[in-house]
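Every number here is computed from the coordinates shown, using simple stated rules; none is lab data. The model shown is predicted, which means the values in this text are computed figures rather than measured ones. Backbone-built Cβ (ideal geometry, glycine too); neighbour counts: all protein chains shown.
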Amino acid sequence: MCNATRSIVGALRALCMIAKSVRDGHRRRRVEKGNKNDMICAKMERNRIAEQIGVRLAAERSVREYEIHRQESIEDGREFLKDFVRYHFKDYIDHISIISTLTFEEIKMIGNEQDQGWGVRQCRQLFNAPVLNDEVGHLLWCELRKGRHDFRILLKAKYGSDVQFDSFSWID
């Protein structure tokens, strides 16, 4: 090969290398740009997933709080029924057990029922009181109808301040 040909071939090789480096640089930039887009998309996806997890955790927390509140309200309802039995059926305490799973608010709503038969049946279902079940149910419905909900005050007025409220061994 002559010198002129060698210089042309060398120049072409140089141009090819320059073109290749330019092409690789564009590719590198495209890849880097793609990586940035991928990184942005990945970050957005992580944020979306974190938000979903946060929402799910908040919902689970709300459910737990609701369940705890409901259990407390059921206990309030049972306390109300215990006080009712103590006030009206003190002599039959050993024969009456409470089987209610209603909240205090749900028990009070029974008194709003216009149909006496239905209201008395609902009240009877709150107790297990052999022989007395009808009387207990009817009297509770009448008391709820009148809006009397604080038998603890009535117990203190009737029997004095020495009434014990913490011993419920006679009730399930």
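Which ones in segment 88-129 are over 17 Å from Gly77 (Cβ atoms), of a type in the set (Phe, Trp, Tyr) and buried (at least 17 other Cβ atoms within 10 Å of the Cβ)? Matches in segment 88-129: Phe89 only. For segment 108-151, a tally of residues being among the aliphatic types (A, V, I, L, M) and under 16 Å from Arg86 (Cβ atoms) returns 6.
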